[in-house]
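Asks: Quick one: the structure is below, and I'll ask about it shortly.
Since every read-out is calculated from the coordinates, none of them should be taken as a lab result. Quick caveat, the model's predicted, so the values are computed rather than measured. Positions of Cβ are backbone-derived with ideal geometry, glycine not excepted, and every protein chain shown enters the neighbour counts.
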Amino acid sequence: MKQQTLAIIKPDGVARKLIGPVITRIENEGLDIKAMKLIKMTKEQAQGFYKVHKGKPFFDSLTDFMSSGPCVVMVLEGDDAIARYRKLMGATDYRKAEEGTIRREYATDIEKNVVHGSDSPESAAFEIGYFFNALEIM
Ligand code: UDP
Ligand code: MG
């Protein structure tokens, strides 16, 4: 079944010129890019985006990082897009990520792990709506 997911190239990925390599992997996986923009979140916007993690020990540092520079936000579409993009990203901790995944190849830190992807249909709906309105999605 066709599904949409929200993908982000995080500030470390943009700063390290990894927009091209990440998008190449997304395209090679056969996922369609339905919306895309470069944005810089405020601290408050990053806190709102990651509200599910409020109260966790990494929340303050994560939201500082996510508001530290520009990100690329994208809506990806395809059959089983949420799980396929999560698999392409690899585990949160790059040291545990499978060989060949984006995080295994490029991440340098559990926090600075280059990419974000929604983890469920519910989070995808919230996250897509956080950055895009209906007119911006092809
Ligand atoms: N994170 C962190 N320390 C942790 C767990 C997570 O800095 O112990 C950061 C990391 O950038 C991660 C984000 O918080 O991508 C959101 O965590 P989540 O558990 O949702 O991981 P993800 O869904 O991104 O794999
Ligand atoms: Mg997550």
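Asks: Which entries in the list 10/37; 17/51; 43/112; 2/40 go over 21 Å, if you measure between the two C-alpha atoms of each? Walk me through the numbers before you get to the answer.
Replies: Working: 10/37 12 Å; 17/51 28 Å; 43/112 16 Å; 2/40 29 Å.
Over 21 Å Cα-Cα: 17/51; 2/40.
Asks: What is the gain in length, in nm to one decimal, between residue 105 and residue 123 on full extension, counting 0.36 nm per residue of separation less the C-alpha to C-alpha distance? Intermediate values should be presented prior to the final figure.
Replies: Working: separation 18, 0.36 × 18 = 6.48 nm, distance 2.57 nm.
So the extension gain works out to 3.9 nm.
Asks: I've got another one for you. Among the aspartates and glutamates, which fall within straight-line cross-link reach of residue 87, defined as a Cα-Cα distance under 12 Å, with same-chain neighbours fewer than 8 residues apart omitted?
Replies: Here the aspartates and glutamates satisfying the reach criterion relative to residue 87 are 29, 98, 99, 119.
Asks: What's the local net charge at residue 107, with K and R +1, D and E -1, over the other residues with C-beta under 14 Å away? Numbers along the way, then the final one.
Replies: Details: positive: 10, 16, 25, 95, 96, 103, 104, 112; negative: 12, 93, 98, 99, 105, 109, 111.
Value of the local net charge: +1.
Asks: Now a separate question. Tell me the relative contact order for the chain as a rounded percent, counting alpha carbon contacts under 8 Å between residues six or more apart. It would help to have the intermediate numbers written out before the result.
Replies: Values: 233 pairs, mean separation 51.2, N = 138.
Relative contact order, the chain: 37 percent.
Asks: Another question, if that's okay. So what does the Cα-only Debye profile of the chain read at q = 0.09, 0.17, 0.18, 0.19 Å⁻¹, as log10 I(q)/I(0), no solvent term?
Replies: Once normalised to I(0) and log-transformed, intensities are -0.23, -0.90, -1.02, -1.16.
Asks: Follow-up. Please arrange 31, 18, 135, 38 by how many other C-beta atoms lie within 10 Å of their C-beta, fewest to most. Numbers along the way, then the final one.
Replies: Details: 31 23, 18 19, 135 6, 38 11.
Listing 31, 18, 135, 38 from fewest to most nearby Cβ atoms yields 135, 38, 18, 31.
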